[in-house]
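A short write-up of the structure that comes next.
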Amino acid sequence: MTALETSAPPPAASGRLTGWQLLFNNKLAVLGLVVLGLICLLAALAPVLPIPNPNATATANRMQPIFSEGHLLGTDQLGRDILARLLWGTQISIAVGVSATLIAAFFGSLIGLVAGYARGRVDNVLMRGIDMIMAFPYILLALAIVAALGPGLLNALYAIAVVNIPFFARNVRGVTVGLATREFVDAARLGGKGHAAILFTEILPNVLPVIVITMSTTVGWMILETAGLSFLGLGAQPPQADLGSMLGDGRAQLFTSPHVSIIPGLMIFALVMSINLLGDGVRDVLDPRLKAGALNRPMPVTRIDRKTTPPAEKPGLGLLAVENLETSFARGRGTAPAVKGISFTLEKGECLGLIGESGSGKSVTALSLMGLVASPPGIITGGAVYLEGRDIFSLPEAGITALRGQRVAYIFQDPLTTLHPLFPVGEQVAEAVSAHQSIGRRAAMEKAVALLEDVGIPEPAQRAKSYPHQLSGGQRQRVGIAMALANDPDILIADEPTTALDVTVQARILELLQDLRKKRGLALLFITHDFGVVAQICDRVAVMQHGKIVETGETAKILADPQHAYTKSLIACVPELGEGRAFLDRVGKLFPQPGAEGAS
Amino acid sequence: MAGYIGKRLLAAIPVLFGLSIIVFLIMALIPGDPATAILGSFATPENVARINRDLGLDRPLHEQYLVWVGNLMQGDLGRSFRLNRPVLDEVLERFGATLILASVSLVLCSIFGLLAGIVSAVRQFGWADRLITLFVLIGISIPSFWLGLLMILIFAVQWRVLPASGMYAVYGGGDFWDLLRHLILPATTLAVVATGVIARLTRAAMLEVLRQDYVRTARAKGLSERKVIYKHAFKSALVSVVPVIGIQAGFVLGGAVYIETVFQWPGIGAMLVNAISTRDILLVQGGVLVVAASYVLFNLLADVVQALLDPRLKS
């Protein structure tokens with residue numbers, strides 16, 4: 001989990017809306033509902049509407065065009081009224097599609113429930129069977145079943161239901177597996193309920209949303225496919241007619257009277273489209289993952305929306321000066337601040353430690369400096385970051401991108417998730433080189449290998465061809481450092497670079513950073529929660545709590561004489577060798593409430 | 001890589017085995033009597049018994065299956081009694097035409113689906129995204145057999161720019177360009193649904209990948225947004241979309257049944273529809289089996305492509 005994901009706001013005020021209200025807020029879903037309702041109403045009213053008998057033939061009156069007298073939509077090849085046939089056919093198509101859905105939902109859900117609840121061999125046998133059905137191309141299996149049962153509407157219905165069973169079985173099984181191990185199921189079992197009772201009174205109600213989602217996404221298909229089988233002549237048999245067989249029969253007259261086949265097709269399309277629109281709406285309401293808005297595409301640079309714009313240039317400032325930086329996260333209609341107006345400076349060759357617990361805003365601060373906070377939901381709501389006196393947030397997007405990695409480079413926490421898993425590490429380092437230097441591919445790769453060697457990777461030429469998953473944690477972080485050094489940056493921002501590593505590797509990585517800093521005259525902003533690490537490498541330290549800097553000063557001074565209570569408790573958190581349980585007793589008292597989980 | 005392909009091939013064997021059982025069972029459990037179907041309802045009991053013995057239908061089911069699989073291994077799928085020729089010959093001939101149609105469709109839907117999905121994700125909530133989302137909705141809701149008729153009406157009847165049906169022109173055709181002209185309408189129609197599905201999933205995959213830590217790393221390096229999207233994000237998204245393309249192969253092979261009927265494409269789908277109507281059971285059996293097996297191979301191909309993209313899958 002990254003800091004940013006966990007800090008995504010939960011659905012706030014909208015949580016109070018009921019499912020129906022949410023559904024009615026979705027304009028497309030409402031459109032689908034209205035069209036579907038209209039079609040269903042017309043189809044249901046077919047017996048009472050003043051329309052001719054759909055099966056009354058009149059050969060003298062064949063293939064009348066639309067809007068002809070007495071026949072609003074014309075007549076077909078046997079002189080039958082198309083409007084009447086359309087309404088009756090719609091009735092049949094809907095009935096067949098919905099029946100197929102119910103059958104598939106019943107058997108599929110049953111299989112899924114049993115497989116997910118029983119697990120073991122039952123699960124294995126049932127799901128292998130489902131896999132076998134899915135190994136067939138969808139419609140082909142339906143064809144084979146119709147071939148065996150013989151053409152006919154009912155057989156087509158069965159065939160379509162069977163091929164849709166896997167969708168229900170798989171979805172329901174997935175949810176059931178998770179539910180079967182939950183406490184309330186254990187409680188019911190201990191209460192003496194039988195397996196069947198548990199399945200149908202405890203688990204089924206919790207699985208219903210999944211069944212409804214699957215139904216709403218498959219019913220359109222099932223109408224489409226039963227119509228398709230009828231179109232091929234394998235479904236409805238004359239004189240019975242659904243939309244598909246009307247379309248299929250009319251095809252012979254395609255060139256002379258296209259409306260005979262086009263009209264029923266249009267009806268299928270309208271029907272399926274309205275169902276799919278409504279189904280998407282239902283899914284959005286019932287699937288909570290889509291509600292949080294987590295699927296918004298992050299912008300290249302964090303959105304900058306400052307109430308007051310500070311001067312774009314302030315001469316006379318040092319290498320890096322952060323002034324009243326404020327970063328917030330959009331939450332519902334408002335914003336929740338994560339960094340509340342912090343200021344600090346960083347001079348050439350200096351190492352500043354930014355320390356605080358998870359959720360104190362230290363990572364968000366680090367990412368804000370180069371506009372890397374994912375946005376949405378992140379917004380820079382105030383303050384400025386001056387790099388040699390020029391405000392970064394006043395630059396155009398391309399200007400900020402040009403500084404990233406060139407002047408200010410990052411090392412992130414977990415090198416397994418922060419290195420791209422699908423590219424060799426050498427290429428990833430070379431890419432950082434050529435992002436800012438116009439040298440050839442080969443020269444960039446040579447430089448990358450040299451960088452890998454600089455950060456202490458043995459046999460760098462070979463290792464350059466490795467993928468991240470083939471390296472150890474320490475080596476991966478060395479790659480991350482090599483990538484950061486690719487363009488000789490002035491400032492290195494290390495966001496908990498050693499937290500994901502074990503202690504011995506951690507020590508070596510710190511040694512490497514310290515070494516590089518001295519050799520290259522780098523300024524280092526070191527984000528950590530560990531005062532032990534700060535004591536080792538930082539010249540100065542700033543202590544962050546709840547998005548604010550509560551204390552700042554030289555490391556030695558702060559360690560010797562911390563002023564703020566929070567600083568004292570953080571310092572006390574560094575265990576001493578041989579302390580044993582006494583450490584837990586000592587630290588436990590310092591944090592009366594468990595530290596806030598979530599964003600760091 | 002060779003080892004990985006070998007492993008996947010081995011894993012495909014039980015699937016093929018299962019397919020053969022299902023196909024065999026569906027056909028073996030047909031109500032009614034194949035002998036009567038062949039001889040007609042006026043057959044004498046002696047003749048029926050003789051046909052049953054010839055076809056091995058008097059033996060227990062599992063023996064029948066073993067005999068059937070044994071013959072299958074030797075390339076013998078029986079004879080089509082309506083066409084009076086070996087099922088395998090007919091099926092392979094027809095399958096060639098279906099394979100051309102399905103492959104071209106699959107290429108089309110992959111290209112357009114991926115492109116549309118990327119544009120949709122990059123321009124999220126912009127007009128291009130809305131337009132593509134609308135197209136996707138239409139694409140997955142439209143009956144392909146109806147769309148085919150519309151295509152014929154527009155391009156073959158109204159504008160007379162493309163042929164309405166068949167694989168080659170009756171007179172003077174037969175070369176590659178003739179085939180291509182005949183392919184355009186059916187292949188496009190067949191690709192529409194799959195394009196929609198692939199576009200939808202590509203969009204979702206791109207949006208998900210763009211939130212990953214390693215994309216943030218790419219941005220922190222100072223890469224241009226173009227490189228971030230088309231190199232870093234797209235490669236990861238592709239890894240999750242490739243299996244979906246494999247699954248779409250199934251929908252394309254199945255959907256070919258409609259398209260071949262509409263455009264009178266001489267493929268296996270049109271053959272199956274005829275064989276079902278004429279109760280030519282052995283031909284149905286052979287046709288279904290070959291198409292289903294080819295779907296397994298398409299999925300295998302998707303697995304291999306996925307492993308080529310993602311080195312983690314090989315180990």
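Could you please let me know if residue A:483 is in a strand (DSSP E or B), modelled with pLDDT of 90 or more and either charged (D, E, K, R) or open to solvent by less than 50 Å² (accessible area, probe 1.4 Å) (or both)?
Here the answer is no, as residue A:483 does not meet what is asked.
Determine whether region B:207-225 contains at least one residue that is touching a Cys at 6+ places or on another chain (Cβ under 8 Å), closer than 30 Å to residue B:123 by Cα and touching a residue at least 24 places away in the same chain (Cβ under 8 Å).
Within region B:207-225, none of the residues are touching a Cys at 6+ places or on another chain (Cβ under 8 Å), closer than 30 Å to residue B:123 by Cα and touching a residue at least 24 places away in the same chain (Cβ under 8 Å).
Restricting region B:211-233 to residues that are among the β-branched types (Val, Ile, Thr) and either out of contact with any helix residue (DSSP H, G or I) (no Cβ under 7 Å at 6 or more places or on another chain) or surrounded by 22 or more Cβ atoms within 10 Å (Cβ to Cβ) (or both), which is nearest to the other protein chains (Cβ to nearest Cβ)?
By that ranking, first place goes to B:217.
Are there any helices (runs of 4 or more DSSP H) wholly within region A:171-284 with 1 or more residues that are in contact (Cβ under 8 Å) with a residue 40 or more places away in the chain and open to solvent by 20 Å² or more (accessible area, probe 1.4 Å), and if so which?
A:204-231, A:243-250
Can you tell me which of (1) open to solvent by 40 Å² or more (accessible area, probe 1.4 Å); (2) within 9 Å of another protein chain (Cβ to nearest Cβ); (3) of a type in the set (D, E, K, R) is the one residue A:340 doesn't meet?
Evaluating residue A:340 over (1) open to solvent by 40 Å² or more (accessible area, probe 1.4 Å); (2) within 9 Å of another protein chain (Cβ to nearest Cβ); (3) of a type in the set (D, E, K, R) leaves (2) as the failure.
Right, residue A:139: within 14 Å of chain B (Cβ to nearest Cβ), within 29 Å of residue B:14 (Cα to Cα) and modelled with pLDDT of 95 or more or not?
Criteria not met by residue A:139.
Which of the following residues is crowded, with 24+ Cβ neighbours inside 10 Å and in contact (Cβ under 8 Å) with a residue 12 or more places away in the chain: A:468, A:489?
A:468
Being among the β-branched types (Val, Ile, Thr) and facing another protein chain (nearest Cβ under 9 Å) is the filter; apply it to region B:282-304 and report the residue that is farthest from residue B:90 (Cα to Cα).
Selected residue: B:296.
Just one of B:104, B:48, B:67 is open to solvent by 60 Å² or more (accessible area, probe 1.4 Å) and within 30 Å of residue B:274 (Cα to Cα); which is it?
Unique residue meeting the criteria: B:67.
Working only within region A:356-414, note down all residues that are in a strand (DSSP E or B) and small (Gly, Ala, Ser).
Those that are in a strand (DSSP E or B) and small (Gly, Ala, Ser): A:378, A:382, A:383, A:384, A:409.
Report, by residue number, each residue of region B:198-210 that is open to solvent by 10 Å² or more (accessible area, probe 1.4 Å) and touching a helix residue (DSSP H, G or I) at 6+ places or on another chain (Cβ under 6 Å).
Answer for region B:198-210, where residues must be open to solvent by 10 Å² or more (accessible area, probe 1.4 Å) and touching a helix residue (DSSP H, G or I) at 6+ places or on another chain (Cβ under 6 Å): B:200, B:201, B:203, B:205, B:209.
Among the residues of region A:116-131, write down those that are under 30 Å from residue A:232 (Cα atoms) and open to solvent by 40 Å² or more (accessible area, probe 1.4 Å).
The answer is A:131, and nothing else.
Say we look at region B:128-141 and pick out the residues that are of a type in the set (A, V, I, L, M) and open to solvent by less than 20 Å² (accessible area, probe 1.4 Å); which of these is nearest to the other protein chains (Cβ to nearest Cβ)?
The selected residue is B:137.
Please work out if residue B:238 is within 11 Å of chain A (Cβ to nearest Cβ) and either in contact with a Ser or Thr (Cβ under 7 Å, 6 or more places away or on another chain) or surrounded by 24 or more Cβ atoms within 10 Å (Cβ to Cβ) (or both).
So residue B:238 does not fit the description; no.
Quick check: anything in region B:172-184 under 25 Å from residue B:117 (Cβ atoms), out of contact with any strand residue (DSSP E or B) (no Cβ under 6 Å at 6 or more places or on another chain) and crowded, with 22+ Cβ neighbours inside 10 Å?
no
Just to check your reading of the model, which residue among A:496, A:554 is within 30 Å of residue A:446 (Cα to Cα) and either open to solvent by less than 30 Å² (accessible area, probe 1.4 Å) or touching a Lys or Arg at 6+ places or on another chain (Cβ under 9 Å) (or both)?
A:496
Tell me, yes or no, whether region A:390-400 has at least one residue that is of a type in the set (Asp, Glu) and either open to solvent by less than 10 Å² (accessible area, probe 1.4 Å) or within 21 Å of residue A:302 (Cβ to Cβ) (or both).
So far as region A:390-400 goes, yes, one or more of its residues are of a type in the set (Asp, Glu) and either open to solvent by less than 10 Å² (accessible area, probe 1.4 Å) or within 21 Å of residue A:302 (Cβ to Cβ) (or both).
Consider residue A:58 against the criteria (1) buried (at least 17 other Cβ atoms within 10 Å of the Cβ); (2) touching a strand residue (DSSP E or B) at 6+ places or on another chain (Cβ under 9 Å); (3) on the phi < 0 side of the Ramachandran plot; (4) of a type in the set (A, V, I, L, M, F, W, C): it satisfies all of them except one. Which criterion is unmet?
(1)
Condition (residue is among the small types (Gly, Ala, Ser) and outside the structural domain of residue B:251 (by TED's automatic domain parsing)) applied to region B:80-92: is it met by at least one residue?
Scanning region B:80-92 turns up at least one residue that is among the small types (Gly, Ala, Ser) and outside the structural domain of residue B:251 (by TED's automatic domain parsing).
The values are calculated or read from the model by the stated rules, or taken from the named source; none is laboratory data. What you are looking at is a predicted structure, and each value in this text was computed from that prediction instead of being measured. For neighbour counting, all protein chains shown are included, and Cβ atoms are generated from backbone atoms with ideal geometry for every residue, glycine included. Calculation scope for accessible area: heavy atoms of the full protein, side chains included, ligands and nucleic acids excluded. Shrake-Rupley method; radii C 1.70, N 1.55, O 1.52, S 1.80 Å.
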